[in-house]
Amino acid sequence: MNNQKMKLAKLLDDPYLAPFKEKIQFRQKMVQNTELRLTGGKTDIATFASGHEYFGLHRSDDGWVFREWAPNASAIYLIGDFNGWKDDNYYLLKKIDLDAGVWEIKLPFEAIRHEDLYKLHVCWDGGNGDRIPSYARRVVQDEETKIFSAQVWAPQPYTWKVHDFKPNFTSPLIYESHIGMAQET
């Protein structure tokens, strides 16, 4: 018996839930179908949900790495402020997984800069077009043209100016608190 069926069996042992058995089973089946549709049965839902950690634009130890999933593409160019929005072989992605349609490019740090706008120029059998990357972390709209573009967001870390700050612990140091503030970025 798989894990989800065991959870459902335990859930239905509760006599208070017995009148809702059919509804619970229906909802459980919908969850399983949605998970299968999203993952294709090739991975688990947690791995699928972590796709942003692999795909998109990331800083690496020796530069930038950009990955995109485009199984029907025949070529992909990274275009943007850094190359005059033109197809340039320097910014041509390479297909790294022929079966899965994963494309990648590795660039030195100086190839793109903080706040550069960019898109993908995707070529496919019978056509081509510009696309915002599916895992873009920041997208901005041009005020004049109303066109959206992805934006490189890699600001310099803040440099602290006061290095010997010592707080006064005689009273609480709560400046402001909101639900959802205390999370990793």
Check: Regarding residue 25, is this residue over 20 Å from residue 138 (Cα atoms) and either within 18 Å of the chain's Cα centre (by Cα) or at pLDDT 90 or above (or both)?
Finding: no
Note to self: Can you pull out every residue in region 119-139 that is of a type in the set (Gly, Ala, Ser) and buried (at least 18 other Cβ atoms within 10 Å of the Cβ)?
What the structure shows: 136
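Please verify whether residue 98 is under 21 Å from the mean Cα position of the chain (by Cα), in the same structural domain as residue 83 (by TED's automatic domain parsing) and of a type outside the set (Asp, Glu), treating the condition exactly as stated. I'd like the intermediate steps shown before the answer.
On the way: under 21 Å from the mean Cα position of the chain (by Cα): no; in the same structural domain as residue 83 (by TED's automatic domain parsing): yes; of a type outside the set (Asp, Glu): yes.
No; evaluated as a whole, the condition is false for this residue.
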Check: List, please: which pairs have Cβ atoms under 8 Å, are six or more places apart or on different chains, and start with a residue in region 149-175 that is hydroxyl-bearing (Ser, Thr, Tyr) and end with one that is in a loop (DSSP other than H, G, I, E, B)?
Finding: 149/132; 149/142
Next item on the list: Mind telling me which of the residues 68, 53, 115 ends up being modelled with pLDDT under 95 and either of a type in the set (Asp, Glu) or farther than 26 Å from residue 147 by Cα (or both)?
Entry: 53
Notebook entry, point to check: Across region 24-75, which residue is surrounded by the fewest Cβ atoms within 10 Å (Cβ to Cβ) among those that are of a type in the set (Lys, Arg) and closer than 30 Å to residue 13 by Cβ?
Noted result: 37
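Would you say residue 142 is in the same structural domain as residue 81 (by TED's automatic domain parsing) and either surrounded by 10 or more Cβ atoms within 10 Å (Cβ to Cβ) or farther than 26 Å from residue 117 by Cα (or both)?
Working: in the same structural domain as residue 81 (by TED's automatic domain parsing): yes; either surrounded by 10 or more Cβ atoms within 10 Å (Cβ to Cβ) or farther than 26 Å from residue 117 by Cα (or both): yes.
Answer is yes for this residue.
Looking only at region 112-164, filter to residues that are assigned to a loop (DSSP other than H, G, I, E, B) and of a type in the set (Val, Ile, Thr); which one of those is farthest from the chain's Cα centre (by Cα)? Break it down into steps so the answer makes sense when it comes.
Here is the first cut: in region 112-164, the ones assigned to a loop (DSSP other than H, G, I, E, B) are 112-116, 125-126, 132-138, 142-147, 152-164.
From what is left, the residues that are of a type in the set (Val, Ile, Thr) are 112, 132, 145, 147, 152, 159, 162.
On the way: 112: 19, 132: 12, 145: 26, 147: 21, 152: 14, 159: 28, 162: 35 Å.
Going through the qualifying residues, I end up with 162.
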Notebook entry, point to check: Based on what the data block shows, is residue 97 at negative phi and either in contact with a helix residue (DSSP H, G or I) (Cβ under 7 Å, 6 or more places away or on another chain) or exposed (fewer than 13 other Cβ atoms within 10 Å of the Cβ) (or both)?
Noted result: yes
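Would you say residue 53 is under 14 Å from the mean Cα position of the chain (by Cα) and charged (D, E, K, R)? Walk me through it before giving the result.
Working: under 14 Å from the mean Cα position of the chain (by Cα): yes; charged (D, E, K, R): yes.
Yes; evaluated as a whole, the condition is true for this residue.
The values are calculated or read from the model by the stated rules, or taken from the named source; none is laboratory data. Computed from a predicted model, the values in this text were never measured in an experiment. Please note: Cβ atoms are built from the backbone with ideal geometry, for glycine as well, and neighbour counts cover all protein chains shown.
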